[in-house]
Each structure stands twice: as C-alpha cells, then as structure tokens.
Amino acid sequence: MHSRRIGDVEVSAIGLGAMPMSIEGRPDEERSLATIHAALDAGVTLIDTADAYHRDADEVGHNETLIAKALASHDRGADVLVATKGGHLRPGDGSWTLDGSPRHLKAACEESLRRLGVEAIGLYQFHRPDPRVPYAESVGAIRDLLDEGKIRMAGISNANPEQIRQAQEILGGRLVSVQNQFSPAFRSSEPELRLCDELGIAFLPWSPLGGISKAGELGSGHAPFARIADARGVSPQRVCLAWMLAKSPVVVPIPGASRPATIRDSLAAGDLTLTAEELAELDAA
C-alpha cells in the first residue's frame, strides 16, 4: 500500500469512507465489519467517520461504534488513524442540521472519545460551518480540544480558502487536513486543493467517486474515465482515484464503501499510473 501523510502520521494513500455503512440503505453489521476488515487486510490505515453518520435519532455515533468494534476485532486495528467529525446532527427524519457552538463541539468530542474507546482522537474535524456561529468560535473549540490533549490532530471539512487560512491561524499553524467534496462531477474545490498543496496540508476528497459511480453517469462529460478504464482493463472508479492521487501528494481520497470488493478495487488505484496525456484528458473532461 502506498502512503501519504496527515500531519506527522503516515497513512495509506487511500482511506476508507465509512459513512455508507451507517446511513440510509446501509448493509447489515456482518457485511460492514467484513468491509472494514477487508480494508485493513489490504493495508488501509485511515478510516473516516463522524458522529452524524447514523440513520435513526436514537443511534448517534452508530458509525463510530461500528468502527471501534471492527478495529478491536482485527490484529491491525491499532495501526489505524481514525478521523471523526463533530458539528453535524441528524434528527432522524433524513435531514442534516448544524451545531457549531463550542459547547456542542466539546460535548460531541467527549462522546466520540467514549464510543471509539480512546484517550485521544487521532484526527478530529469540524464537520461543516454553522452560519449561526462565528467560524472563529467553532475552530477555537477545536483548538481547545487540541490543547487539552483530547485530540491529537485537528482538521476542518467543507471549508473555503478563507476559512482554511483562518483555521490555520487560530490553530497556530496546526491545521493538518481539509476534507471537501471533490469528484469528476464536483470540481469546485480545486482552489482549496491548490491551497492545501501550497500549505502542505492534507486534502481529503469526500465522495470522490460521486460523478462516476452510479449507473448511467459514465456518459457525456465523464466518458473519458470510462474510455481510459476500458483501455486499461480496470474500473472507472480506479481511474478516478488514480487521477486524484496524481493531482498532488497532499491528496488522500476517502472513497465510501459498504462491500469488501468495492474497497479492494478502490485501493488498487494506488498502483495505477496514468500518462500525462490521460491526465490531461481527464482534467478537461
């Protein structure tokens, strides 16, 4: 497994996005545990989760609890950096709400610590800006958690360039990661990716396969991914992740998965080297 860095921690170049195993349409627990174990067997050392990755109102932290169980039952579980998030809520009706208040973030972190069964969270990320709360106050809470030793590293998610620079200042230069949506169909986070590259901050694309993983979406603008995949004898998803990895050494994709075969295929992208011509074609797609 190829590796990259988040802060001072070396992680697998591709991580596992665990959200699909806990929200609507999720598989049974046995298949979810098998998926996480398959990822670990293949060398994954980064798993991304959040306290809001659950379906019903009374199961906050479902995904964190699932990951803790999977790691505890695998001999490589201790080698994994678990990245979780706080600041989003799910009332249980399928909607997503926000609470970026320092009080909520600090309480949410305590609950995540309990569910994950750790003394300090490896990477804690502010999930999404709350328009009702000044961004500096939310990130200030993350800084406090870092200073208190409740979290080992700090990150932000769904942030713009101005917020990245602001967070870096508030955290005293200790911002290690930015997690934004980025995929063939969603490229508006290019400025954030470039800024992370400039600052040496890990960029974690969420939903990296969003534009090509659904049936019927391989045509039109994303046809080059399918064409190159056919020529290479691999999946379009693998081509997509290889394209992302080639953009910058700070990029660490976290494709979601709920089947062992899916994450195994995604992880093989690290061994796929695209030509300059192929990369140019995909950039222009």
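The values are calculated or read from the model by the stated rules, or taken from the named source; none is laboratory data. Computed from a prediction, not measured in an experiment: that's the story for all the values here. Note that each Cβ is placed from the backbone with ideal geometry, even for glycine, and that neighbours are counted across all protein chains shown. What goes into the accessible areas is simple: the full protein's heavy atoms, side chains included, and nothing from ligands, DNA or RNA. Shrake-Rupley method; radii C 1.70, N 1.55, O 1.52, S 1.80 Å.
Of all residues in the range 246-285, those being among the hydrophobic types (A, V, I, L, M, F, W, C), assigned to a helix (DSSP H, G or I) and open to solvent by 20 Å² or more (accessible area, probe 1.4 Å) number 7. Does the range 129-150 contain at least one residue that is within 26 Å of GLU24 (Cα to Cα), buried (at least 19 other Cβ atoms within 10 Å of the Cβ) and either touching a residue at least 60 places away in the same chain (Cβ under 8 Å) or within 21 Å of the chain's Cα centre (by Cα) (or both)? For the range 129-150, residues within 26 Å of GLU24 (Cα to Cα), buried (at least 19 other Cβ atoms within 10 Å of the Cβ) and either touching a residue at least 60 places away in the same chain (Cβ under 8 Å) or within 21 Å of the chain's Cα centre (by Cα) (or both): present.
When ALA57, ALA52 are checked against the criterion of being open to solvent by 10 Å² or more (accessible area, probe 1.4 Å) and small (Gly, Ala, Ser), a single residue qualifies: ALA57.
Of all residue pairs spaced 6 or more apart or on separate chains, those with beta-carbon atoms under 7 Å, a first member in the range 258-285 that is within 12 Å of LEU241 (Cβ to Cβ) and of a type in the set (D, E, K, R) and a second member that is open to solvent by less than 60 Å² (accessible area, probe 1.4 Å) and in a loop (DSSP other than H, G, I, E, B) are ASP265/SER235. Using the structure shown, decide if SER183 is under 17 Å from SER112 (Cβ atoms), in contact (Cβ under 8 Å) with a residue 24 or more places away in the chain and either of a type in the set (Phe, Trp, Tyr) or surrounded by 17 or more Cβ atoms within 10 Å (Cβ to Cβ) (or both). So SER183 fails the test.
Within the range 232-245, the set of residues being open to solvent by 40 Å² or more (accessible area, probe 1.4 Å) and under 27 Å from PRO191 (Cα atoms) comprises GLN237, ARG238. Listed by position, the strands (runs of 3 or more DSSP E) inside the range 1-97 whose residues that are over 26 Å from GLY270 (Cα atoms) number at least 1 are 81-86. Per this entry, GLY86 is not counted among residues that are farther than 24 Å from MET1 by Cα and either at pLDDT below 95 or charged (D, E, K, R) (or both). Filtering the range 117-128 to residues that are over 17 Å from the mean Cα position of the chain (by Cα) and either closer than 20 Å to LEU204 by Cβ or of a type in the set (A, V, I, L, M) (or both) leaves VAL118, ALA120. For the range 104-122, residues that are touching a residue at least 12 places away in the same chain (Cβ under 8 Å) and assigned to a helix (DSSP H, G or I) total 11.
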